[in-house]
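See below for the structure under consideration.
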């Protein structure tokens, strides 16, 4: 049991390397841990100086809370800078910016967000899919610009039911997407490193063949060396001119330059994208296209998921500081999505 | 069997009173029926003159194809103008613009679109619900306006799972919406004229009580005297400031002036609207609001549903001209949604 009200133990030192954490998250951390907050530090040190000062403290940090989006890579240089670190808590499911082999070699345990975000990401993926196929955002602009009384009917959308949707990466998020698509009457098929015996969906050993048999590809895999640009020019060609890409995983799973080119040249029909190779921002060449729906990497963000994440992070860190196994450990080569 | 290639029988005369019908629909009709097309008529007669000429022909029309949206009400005056009519084929599920009692009194049978549109409307309803709760269209504008790199994080959305969604009108469309919402982890409850013993959802005898117990109200009932403005000021108040309205039925099922006022004053949280009291157009007062998603009455429109509708209309008219029962008859007071 936590003694409430008292100072957190000076030995439970946690580096917080995340730019945006809400007040309740901050409070929950500070109640239990001694927090060194890089982005809130009034000194506005450069990161190396901040890490050096932390490492040189009488009680150096044993855990770090990090987030993706390329902000602060957890690589050998980072781990060298703070040799006291024994735990990295990642506020995302995807740990592509963490060198898991290097962490393992040094005895640094890594946890990710586990299933905290899965339902929200799956909902967002389905929202993007419906939006692109049924032209919701495009129709929205049409109404808001006052074009409805002037131009009359908006172009027809495509039926969702009966669509063959190929899911790239059938982990927890992919499985939750599949469940939702089944309720919409879609035919689900998938590619992943291994066939899952527990699911009724057709398995493809590679994404190219999956694309040939799919009307829509939903990218839901982790980003790693094997999946970077897995949605390549060839895959886009295999998907074809009536095909749609939905990506809620990581921007770099898609060869964005090829995607932009295929969209501009009408070689695929549309895209629903929550993630990009250039974040924040997104590909400006798509900003005037009506067959593209773009959201700013928000698939994980709901008020409820932020509160769940807070509890999840605290529980993982408490486990770590108590010498217990992490709740959601990530090992090198372990499937995370 | 239809003899192909020959002229359609002169006795199968059909009035076509629909402004937009695609080429394949036209061809399918003209192959089988003698079509008098009001909106395509080169004379550009006023409707009364067009109907008078049709009624005075040696073979006056026995069937009419009509559509809603207040274009041409099928009332006593209309039926007086073409007394030869014995069948009204409506290209929508909702027959609110057809005086069913008057039709029944005169022996005019009425058919609607049956279940042709149900899945598409349900998909669109779910798309609007996800869009409003997860702020998809708002986030879309944020990205397209280039605000993401400038302003950083977009406001959090709300989780879909666990939301209590009240469906107003649990007919075929409402039931399909419910099925989809269950896959999203929502708790479904409903109001309809009668309790449905075959469904597991909680039943409310009136919309006010349903609103009290709901986070989101999805309006999926037919428009008639009992349902006009069923989403009233009182119901909006019962729904409350965190509540969301989704309407894919008819604009007049919602008191639009009250809805606009509630949105402007923050007395409800948001709305997803495919239908309006002023169509085409929609309420301009909402065009700058980020918590509202508006589409131009397109929930039924997909390429696939248009093709299904064509087959459905032909089948109903063939049945009528063969003296057989309609496939999807609508009787006075019969539930259509």
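Details
- Equivalent ellipsoid semi-axes, region A:168-266, via Cα gyration tensor eigenvalues times 5, rooted, Å: 21, 15, 12
- Ellipticity estimate at 222 nm from DSSP helix runs (n ≥ 4, -39,500 (n - 2.57)) divided over chain A, nearest 500: -9500 deg cm²/dmol
- DSSP-defined antiparallel bridges as percent of all bridges, the protein assembly as shown, nearest 5: 0 percent
- Cβ-derived FRET efficiency at R0 25 Å, residue B:193 paired with residue B:279, nearest 0.05: 0.45
- Cβ-based exposure ranking for A:285, B:102, A:324, in which fewest neighbours within 10 Å come first: A:324, A:285, B:102
- Other protein chain C-beta atoms within 10 Å of residue C-beta, averaged over B:284-296: 4.
- Using a cutoff of 8 angstrom between alpha carbon atoms and counting only pairs six or more residues apart, the relative contact order for chain B works out to 16 percent.
- Efficiency of FRET from Cβ geometry, residue A:49 and residue A:115, R₀ 30 Å, rounded to 0.05: 0.25
- In this simple spin-label model, placing a label point 7 Å from the Cα along the Cα-to-Cβ direction at both residue B:303 and residue A:315 gives a separation of 4.6 nm.
- The protection proxy used here, the mean number of other Cβ atoms lying within 10 Å of each residue, ranks peptides A:110-116, A:52-58 as follows, highest first: A:110-116, A:52-58.
- Label-point spacing at residue A:77 relative to the other copies reads 8.0 nm, in ascending order, each point sitting 7 Å out from Cα along Cα→Cβ.
- To the nearest ten degrees, helix B:172-183 and the longest principal axis of the Cα atoms of chain B are 30 degrees apart.
- Separation in nanometres of the label points that stand 7 Å from Cα toward Cβ, at residue B:10 and residue B:182: 5.6 nm
- Over region A:118-294: Kirkwood hydrodynamic radius from C-alpha pairwise inverse distances, Å: 16.2 Å
- Between copies, residue B:11 shows label-point distances of 9.9 nm, shortest first, with the point placed 7 angstrom from Cα along Cα to C-beta.
- Relative contact order computed over region A:118-294 (Cα-Cα under 8 Å; 6+ residues apart), in percent: 21 percent
- Label geometry 7 Å along the beta-carbon vector: residue B:198 inter-copy distances in nm: 3.3
- Taking label positions 7 Å along the Cα-Cβ direction at both residue A:147 and residue A:104, the computed distance is 5.2 nm, reported to one decimal.
- Each Cα pair under 8 Å and six or more residues apart adds its sequence gap; the mean of these over the residue count of region A:1-103 is a relative contact order of 27 percent.
- The length gained on full extension between residue B:290 and residue B:30, counted as 0.36 nm times the residue separation minus their Cα-Cα distance, comes to 89.0 nm.
- Note on A:148-158: average number of Cβ atoms from other chains within 10 Å of each residue's Cβ is 6.
- Extension gain for the segment residue A:203 to residue A:225, taken as residue separation times 0.36 nm less the Cα-Cα distance, is 5.8 nm to one decimal.
- More than 37 angstrom apart: percent of Cα pairs within chain B: 25 percent
- Cα gyration tensor shape for region B:112-168, rounded if a/c is under 1.5, else prolate or oblate: oblate
- Taken over region A:1-127, the percentage of Cα pairs per 10 Å bin, counting from 0 up to the bin with the maximum distance, is 12, 41, 34, 12, 2.
- C-alpha center-to-center spacing [region B:103-132, region B:164-185] in angstrom: 14 Å
- Convex hull of the protein assembly as shown built on C-alpha atoms - directionally averaged projected area, nm²: 33.7 nm²
- Between helix B:118-134 and chain B there is an angle of about 20 degrees, using the helix long axis and the longest principal axis of the Cα atoms.
- Using R0 = 25 Å, the C-beta based FRET efficiency linking residue B:40 and residue B:76 works out to 0.40.
Every number in this text was worked out from the coordinates using simple rules, so none of it is lab data. Fair warning: this is a prediction, and the values are worked out from it, not measured in the lab. Using ideal geometry, Cβ is built from the backbone for each residue, glycine included, and neighbour counts are taken over all protein chains shown.
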